[in-house]
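Here the structure comes first, spelled out in structure tokens, and everything after it is commentary.
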Amino acid sequence: MSIEVTFVRHGETDANADGVWQGHGEHLLSARGEEQARALGRRLAGKEFDVVLASDLARTLQTAELAGLNATPDPAWREIDIGRWQGLTRAEVHELFPDESIALREGKPVRMGGAESWDDFSARVAIALRDLMARTPAGSRVLVVTHGGSVHSVLGSGLRFTGRGRTWPLERVRNASVTEVILTPERFHLQSYNDARHASPAPGATDTMTLVRHAESAANVSGKWHGRTDGPLSDRGLEQADRFAGSHPRVDRVFTSPLQRARGTAEAFARQHSLTACHEPDLMEIDFGAWEGMTTSEIEENFPEEWMSVFENGVDLPRGGVGESFADAGRRMERIVTALHREHPDEHLAFFGHGGAIWALVARVIGLSWQGYRSLGLPSNTGATHVQLTADGPRLVDYNLPLR
């Protein structure tokens with residue numbers, strides 16, 4: 001049995017705004033951070049939690065209080081201890097402690113400010129997570145108000161980034177953002193990452209791309225695998241497409257898979273924002289070969305050996321014998337979004353496509369192989385994901401933001 005854990009980073013502090021490293025330092029929220037905390041309360045309204053915890057530092061406890069949460073303080077969820085670096089900016093740390101700063105940037109094990117190293121901190125967070133699992137009944141919903149470093153540490157372990165230093169392909173966790181995971185003793189499963197829309201985050205840079213899974217299709221309702229098979233949106237899907245169009249901010253250009261379910265979702269958004277949805281065949285779903293049009297149970301029954309190899313043994317075979325592998329789909333998606341970004345370098349682009357293909361691209365961005373596919377949830381219908389292209393490679397800004 002599993003538990004659902006929602007991780008929240010505290011609201012903005014004046015130290016955050018000034019670029020000052022806080023560590024275990026006691027800082028209260030800024031005026032903007034207070035409003036973010038109240039907005040967090042509205043974001044979480046109506047969701048029941050069986051357990052609510054917060055780091056025992058002032059900024060997390062204040063965030064919980066302003067969000068209307070009755071949180072139990074827990075020092076295990078404190079931010080990393082940075083010792084004598086506390087209260088300094090990144091530039092000041094580099095000036096005063098250049099050797100340590102350079103080693104940290106290179107991903108070497110450094111006791112930050114003479115206190116905790118990233119590995120020490122990650123081990124502490126891992127113990128806190130194990131303890132939480134041990135004392136929480138299966139089926140529970142848990143909320144943890146904590147720090148950016150703690151959330152990154154949880155993801156580093158769950159998505160198997162451990163040992164890669166802090167140069168991860170993940171954008172920094174935003175103030176008051178929500179990250180949702182499902183945990184079992186054997187498995188970590190990321191549902192959504194870094195949702196801060198309620199907290200009015202700064203506008204995305206022009207090198208950030210939006211990826212959107214289509215709204216609910218008729219095939220989704222019937223449980224059929226429609227990779228390259230065409231088919232319409234369901235009635236609910238039509239309503240989802242309109243809601244997404246009205247709630248998601250405008251972009252500069254829209255590209256869409258030519259398949260009807262993606263096209264209909266993209267065109268609803270394009271109409272709302274007076275744009276044109278350009279068809280791009282390389283945004284299509286994974287090709288499922290002989291599995292096309294079947295339900296999961298039919299695939300298992302008719303292709304038992306292939307099913308076992310792919311989903312039980314973690315072998316990334318071309319789906320349906322003659323279709324596409326997960327890795328191939330990820331490479332295809334990376335090629336097309338990178339090429340279109342190069343054609344329109346100063347514009348925010350939106351790509352409307354399919355759950356499997358977006359899933360494969362994100363797995364490629366974060367370095368997750370098919371063997372670890374269960375660690376990353378499939379994007380939901382109209383779930384939005386943002387990826388930023390940087391000089392160091394693509395970076396995941398957020399993942400599978402739910403329809404509002």
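The values are calculated or read from the model by the stated rules, or taken from the named source; none is laboratory data. From a predicted model like this one, the values you see are computed outputs, not experimental measurements. Cβ coordinates were reconstructed from backbone atoms using ideal geometry, including for glycine residues, and neighbour counts include every protein chain displayed. To get the accessible areas, we keep the full protein, side chains included, count just its heavy atoms, and leave off ligands, DNA and RNA. Shrake-Rupley method; radii C 1.70, N 1.55, O 1.52, S 1.80 Å.
Scanning the range 16-31 for residues that are in contact (Cβ under 8 Å) with a residue 40 or more places away in the chain and either under 25 Å from the mean Cα position of the chain (by Cα) or open to solvent by less than 70 Å² (accessible area, probe 1.4 Å) (or both) turns up N16, G19, V20, W21, Q22, G23, H24, G25. Within the range 267-305, the residues that satisfy the criterion of being open to solvent by less than 80 Å² (accessible area, probe 1.4 Å) and β-branched (V, I, T) are I286, T295, T296, I299. Looking at the range 350-358, can you tell me whether even one residue there is aliphatic (A, V, I, L, M), at pLDDT 95 or above and assigned to a loop (DSSP other than H, G, I, E, B)? No - not one qualifying residue is present in the range 350-358. Criterion first (more than 17 Å from A384 (Cβ to Cβ), crowded, with 17+ Cβ neighbours inside 10 Å and free of Cβ contacts under 8 Å to residues at least 24 places away in the same chain) does S234 satisfy it? Answer is yes for this residue.
Filter the range 39-52 for residues that are part of a loop (DSSP other than H, G, I, E, B) and within 22 Å of A196 (Cα to Cα); which is most open to solvent (accessible area, probe 1.4 Å)? The selected residue is E48. Filtered by the rule that a residue be touching an Asp or Glu at 6+ places or on another chain (Cβ under 8 Å) and within 21 Å of S200 (Cα to Cα), the range 1-19 gives T6, F7, G11. For the range 311-326, state whether one or more residues are aliphatic (A, V, I, L, M) and not in a loop (DSSP other than H, G, I, E, B). No, that holds for no residue.
Scanning the range 53-86 for residues that are in a loop (DSSP other than H, G, I, E, B), among the small types (G, A, S) and surrounded by 17 or more Cβ atoms within 10 Å (Cβ to Cβ) gives S55, A67, A71.
The set of residues from the range 248-292 being in contact with a Leu (Cβ under 8 Å, 6 or more places away or on another chain), farther than 13 Å from T210 by Cβ and of a type in the set (S, T, Y) comprises just one member, S257. Give the range 335-346 a look and list any residue that's open to solvent by 50 Å² or more (accessible area, probe 1.4 Å) and either in a loop (DSSP other than H, G, I, E, B) or of a type in the set (D, E) (or both), or say none. E343, P345, D346, listed by residue number. Before we move on, is T89 loosely packed, with under 15 Cβ neighbours inside 10 Å, farther than 25 Å from F188 by Cα and either touching a Ser or Thr at 6+ places or on another chain (Cβ under 6 Å) or not hydrophobic (A, V, I, L, M, F, W, C) (or both)? So T89 passes the test. Of all residues in the range 366-385, those satisfying the criterion of being among the aliphatic types (A, V, I, L, M) and open to solvent by 10 Å² or more (accessible area, probe 1.4 Å) are L368, L378.
Please go through (1) at negative phi; (2) surrounded by fewer than 18 Cβ atoms within 10 Å (Cβ to Cβ) for G321 and return the number of the only condition it doesn't satisfy. The single condition G321 does not satisfy is (1).
Please tell me if G367 is within 23 Å of R160 (Cα to Cα), touching a helix residue (DSSP H, G or I) at 6+ places or on another chain (Cβ under 8 Å), touching a residue at least 24 places away in the same chain (Cβ under 8 Å) and not basic (K, R). Criteria not met by G367. Scanning the range 60-110 for residues that are among the charged types (D, E, K, R) and touching an Asp or Glu at 6+ places or on another chain (Cβ under 8 Å) returns D74, R78, D81. Of the residues contained in the range 378-386, none is found to be assigned to a helix (DSSP H, G or I), closer than 30 Å to A45 by Cα and not hydroxyl-bearing (S, T, Y).
For the range 109-139, residues that are in contact (Cβ under 8 Å) with a residue 12 or more places away in the chain and in contact with a Ser or Thr (Cβ under 9 Å, 6 or more places away or on another chain) total 12.
Here is a check on your reading of the model: is D252 touching a residue at least 12 places away in the same chain (Cβ under 8 Å) and open to solvent by 30 Å² or more (accessible area, probe 1.4 Å)? In short, yes.
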